[in-house]
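Below you'll find the structure, written out as structure tokens, and then a few comments.
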Amino acid sequence: MSFAGYRNIVVLTGAGLSQSAGLPTYRGPGGLWSDPELEKLLDVAALTSRRREACGMFWRFRQSILRVEPTVAHRALAAFEAALPEDANFLIVTQNIDGLHQRAGSQEVCEYHGTLMRWRCEKCGAELEPPDGDVPVHCGLVMRPAIVLFGELIPAEASYAAKLALRECDLFVAIGTSGTVAPASSFVRWAELNGARRVLLNLEISGEARDEFGECIAGTADELVPRLFR
């Protein structure tokens, strides 16, 4: 099996892609949000009631990210994109907030849930990549990460970019994610309506995923991605 020959490719990536870098997944045993107390800080309301605590948690996660390197799978996707002919379209839509795709060299990345690499001032709207140190403060207020919290909508620009690419795609591949949780669960359905080939690469394959995807391959991202994206 190979993904060579396709010209309009959309790749959806999730936490399973970054796991071998040393970053935990979000759900399941040992996941970041398996702790109920930490999960409460994911809600946008926490920015009002527990702002310093919530932003401090994300700042520590950002510091952990900066200490790791992109995985074999990240680099394989970047190399695949770089080798595509000029008339091909390739978009990574990532649910991850770690910025590892860009550090691996990927050029076309839609950060569907935002990124911890940028932080935003809610007073003036300034957004920046803060230096190391303490949680950044701007306009006298602790800055927030430029990510999508529970209770917030997917940014319109990211939503539009994903929909536009899926409307034209002839290959849709989901990696390191179930691909069945909203809102990203609609991606595979849009791809199906377009007649695209639909492939899921994940450590675990659910019955629901088998119903949604034309092809499902169980395994780690580091094992599967270099073999299929070559």
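Every number here is computed from the coordinates shown, using simple stated rules; none is lab data. This is a predicted model, so every value here is computed, not measured. Glycine also receives a Cβ, built like all others from the backbone with ideal geometry; neighbour counts cover every protein chain displayed.
Among the GluC sites (Glu not before Pro) in the range 130-230, those placed in a DSSP loop whose Cβ has at most 10 other Cβ atoms within 10 Å are Glu204. A Förster radius of 22 Å, combined with the Cβ-Cβ distance separating Glu108 from Arg51, puts the computed FRET efficiency at roughly 0.05.
Summing charges over neighbours of Lys40, with a neighbour being any other residue whose Cβ is under 14 Å away from its Cβ, gives -3 when K and R count +1 and D and E count -1.
Around Ile9, what is the net charge, scoring Lys/Arg as +1 and Asp/Glu as -1 over all other residues with Cβ under 13 Å from its Cβ? List each step's numbers first, then the result.
Values: positive: Arg7, Arg197, Arg198; negative: Glu81, Asp87, Glu108, Glu168, Asp170.
Its environment carries a net charge of -2.
Amide H contacts of Arg197: Leu171, Phe172, each under 5 Å away and 5 or more positions distant or on a separate chain (H built 1.01 Å from N in the peptide plane; Pro and chain starts excluded). Counting beta carbons within 10 Å around each of Leu171, Leu17, Leu38 and listing the fewest first gives the order Leu38, Leu171, Leu17. Screening the chain for whole DSSP H helices with an alpha carbon extent of at least 20 angstrom along the helix axis and a mean Kyte-Doolittle hydropathy of at least -0.5 yields 51-66.
For the range 51-131, trypsin sites (Lys or Arg not before Pro) meeting the loop criterion (DSSP other than H, G, I, E, B) and having at most 11 other Cβ atoms within 10 Å: Arg67, Lys123. Restriction of the GluC sites (Glu not before Pro) in the range 86-142 to DSSP coil positions whose beta-carbon has at most 10 other beta-carbons within 10 angstrom yields Glu86.
Can you tell me the length gained on complete extension of the stretch Ala156 to Glu208, counting 0.36 nm per residue apart and subtracting the Cα distance?
Values: separation 52, 0.36 × 52 = 18.72 nm, distance 2.80 nm.
So the extension gain works out to 15.9 nm.
Full extension from Ala82 to Glu168: what is 0.36 nm times the residue separation minus their Cα-Cα distance, to one decimal in nm?
On the way: separation 86, 0.36 × 86 = 30.96 nm, distance 2.00 nm.
Gain on stretching Ala82 to Glu168: 29.0 nm.
Using 5 Å bins from zero, what percent of all Cα-Cα pairs in the range 99-230 falls into each bin? P(r) for the range 99-230, in whole percents per bin: 2, 9, 15, 18, 18, 15, 9, 7, 5, 2, 0.
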